[in-house]
Amino acid sequence: MTLVQLSRLDRPASTKFAAECKVRPILDKMLVTSLDGAFVLLTQDEFRAFKSGEVPAESELYQRLCAANLVRAAFDVKRAARLTSERKGFLRAGPNLHVFVVTLRCNETCVYCHASRANMDAVHTDMKKDIAEKTVDLALASTSPFITIEFQGGEPLANFSIVQHIIDYAKRQNAALGKTLEFTLVSNLGLMTEEKMAYLLDQRVQICTSIDGPQVLHDKQRKLAGGSAHETAARWIKRINEAYIERGLDPTLYHIEALLTTTRDTLKLPREVVDSYRSLGCRALFLRPVDPFGFASRAESHLEYPREEYLKFYRSAVDYMLELNRNGTEILERFAAIFLTKILTGTDPNYLDIRSPCGAGIGQVAYNYDGKIFTCDEGRMLHEMGDDTFLIGDVETSKYRELMAHPTVRALAVASNLDGQPDCVNCTYQTYCGVCPVHSHRTQGSVFGRIRDSALCAVHKGIQDYLFEKIAENDPDTMRTFGKWTTIRERSHYLQNC
Ligand code: SF4
Ligand code: SF4
C-alpha cells in the first residue's frame, strides 16, 4: 500500500506521484523521509515539483527520489521490506541487556540519584549468592545469543564479592550454552582499589563512570564523604586507562567510558563540560537530560529546566565538539552517534531507549538485589519510589517465557511501537526515533502518554532537527566527523565466548 503522509500544509496536489513519505522544513530546504528510512533534502522548487508530481522521469531529481524510494510508480516493496526488516533485526534476538542491581548501598550522595541509593550500613540491600545465581540462570535463558550483564547499584563495588561470584558463575554456566558474554560495571570509582581494578580488567569487564563536568559542578552534585568525588574519579580514570595500555590494548578503542547527567547548572557550561571530558582523556560524552526518577524527582525545583534551554545547551556543546574535531581532537556525542547511525547508515545500533518498540522486557531486563524483576532499570527505579507498575516477576518463581509474555511487557511493546503512536506515526523522524513508556507513565500518567507534550519527544525532535540542519549545510568537515561518529568501535576484547 502506498499512501502519502504529508503535514497539513504540505499535502501534495497530486497523491499519485509520491510514495509514503513525511516532510519537515529544515533551514531553507524540505526534508522528506521515506517508509524505509531513506531521506532527501529538497530545495523549495524541487519540493514543489515533487508535490505536484511534475518531476520528469529523465531528471536527476527523479533518480534521487527513486533512490530514496519516494516515487510511487517505482516504489520498491521488496527493498522497503528488506530495509525495515534489517532495521528491526533486534526483534529477532530477545533481551541482551541484563541489569543486575547488586546493592543499593552507595558511598556517594548525588542530588539527582535515579537509583534511590541506601546508606553504606544498609547491608540488607546487598544481593545474596542464591539470588545472584538464579538471576544469572534467568539471564542466560534469554533467546539472545549475546548477553550483557551490567552491574549497577547503588555502587556495585560496595558488594564486590557478589560481582566476582556472578562473573565466575555466569562463565561456568555459559560453558554449555556458548553464548557471547559481556560484562559492564557502572561505578563512581570511589571504592576502587588496585586489586579490584586488576580483577575487573583481567576479567575483561568494561568500566563506566559518571562525570558531571568541571570539578566544582561535579562535587556540588555528587558528594563523597571526606573527599572530592571528582578528584577520586579523575584519578581512577587516569589509572584505569594506563592499565589498559599496560595490557597492550589500543587506548583509542579501549578506555573507560563516562556519563553525564545534565542539570540546570550544567546548562551554563557547554564548553567547560566538553573540556572537562577532554582533560580526563574521554573521547565521548552522552549529554543526557536529567530523568524524573529517584531523588531527581524530589529535587526537581532546582535541577529541572525547560527543554528549549537544554537544546540550546546541546547545540552549543556539539558545535564546540565539531570545532574540536575539525582541529584534530576526536570526541563524539552519543545521542548524535545513535541518531546518525540510523539516519546515515540505515542500520540500528540497538540503543534500547531509542528504538521502536523500545527494549522494555524484550531488549533488557533489570533484576533488583532481592530478586524482583523489572522491564528495565527505569521501571526498577520507580519501584524504589513506591510504584510497582513495571514489576514483572521474581527470580525465585518466574520462568523466562512467563516474563516475555507478561502483560506489562506486551503493553510496553505496544505503547512504544511508533507505528501506533498517533504523533509519531506522522512524524518525519519516526524511523529513527523512540519513546519511553516508563517516562510517559511517570510524567503523564499513562504508558502511552501524549507524545507531542513529552519532554523526551522535545529532546529527540530537537536533536534530530539540529543534525539534519548540519546535514543540509553539508560542510565537508562536519560530514567527515558525522561519518566517524557512525563507525562501530572495535570491542572484541570485551566479548567472551566460553
Ligand atoms: S520503557 Fe523507557 S527506559 Fe524502559 S526500555 Fe523502554 S525506553 Fe528504555
Ligand atoms: S518521539 Fe517525537 S520526534 Fe520522535 S518520532 Fe515521536 S513525535 Fe517524532
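Read the figures in this text as sums done on the coordinates, not as results from a lab. What you see is a predicted model; the values in this text were computed from it and never measured. Methodologically, a virtual Cβ is constructed for each residue, glycine included, from the backbone with ideal geometry; neighbour enumeration extends over all protein chains shown.
Taking GluC sites (Glu not before Pro) that fall in a DSSP loop and have at most 12 other Cβ atoms within 10 Å as cut points, what is the longest piece of the chain between them?
59-395
Where does the charge balance sit around residue 83 when Lys and Arg score +1, Asp and Glu -1, over other residues with C-beta under 12 Å from its C-beta?
Surrounding charge for residue 83 is +2.
Taking a ≥ b ≥ c as the square roots of the eigenvalues of the Cα gyration tensor of the range 358-404, is the shape rounded (a/c under 1.5), prolate (a/b larger than b/c) or oblate?
The shape class here is oblate.
Which loop trypsin sites (Lys or Arg not before Pro) in the range 227-278, with loop taken from DSSP, have no more than 16 other Cβ atoms within 10 angstrom of their Cβ?
247
Take the Cα coordinates of the range 8-87, assign each an equal point scatterer, and use the Debye formula without solvent to give log10 I(q)/I(0) at q = 0.19, 0.23 Å⁻¹.
-0.77, -1.10
Determine the sum of side-chain charges near residue 393: Lys and Arg each +1, Asp and Glu each -1, restricted to other residues whose C-beta is under 15 angstrom from that of residue 393.
Here the charged neighbours net out to 0.
Kindly rank 218-226, 31-39 from highest to lowest mean number of other beta carbons found within 10 Å of each residue.
31-39, 218-226
Straight-line reach from residue 134: which aspartates and glutamates have Cα under 14 Å away, leaving out those fewer than 8 places along the same chain?
168, 370, 394, 396
Along each of the three principal axes of the Cα atoms of the range 90-498, give the extent in whole Å, ordering the values from largest to smallest.
Answer, in whole Å and largest first: 56, 49, 43 Å.
Sort 280-288, 363-371 by the packing proxy (mean of other Cβ within 10 Å over each peptide's residues), most packed first.
363-371, 280-288
Using Cα positions and a limit of under 14 Å, work out the aspartates and glutamates in reach of residue 29, with same-chain residues fewer than 8 apart set aside.
Once the sequence-local aspartates and glutamates are set aside, what remains near residue 29 is 10, 45, 46, 465, 469, 473.
Can you grab the distance from the C-alpha centre of the range 438-471 to the C-alpha centre of the range 119-155, Å, no decimals?
31
Quick one: which of 171/342; 220/268; 196/484; 342/470; 128/220 span more than 22 angstrom between C-alpha atoms?
In this structure, 171/342; 196/484; 128/220 exceed 22 Å between Cα atoms.
Determine the percent antiparallel among the DSSP beta bridges restricted to the chain, to the nearest 5.
Roughly 45 percent of the DSSP beta bridges within the chain come out antiparallel.
If I take every Cα pair under 8 Å that is 6 or more residues apart in the range 8-87, average their sequence separation and divide by the length, what percent do I get for the relative contact order?
Relative contact order for the range 8-87 comes out at 32 percent.
Setting aside same-chain residues fewer than 8 positions from residue 238, which aspartates and glutamates have a Cα under 14 Å from its Cα?
The qualifying aspartates and glutamates are 194, 246, 257.
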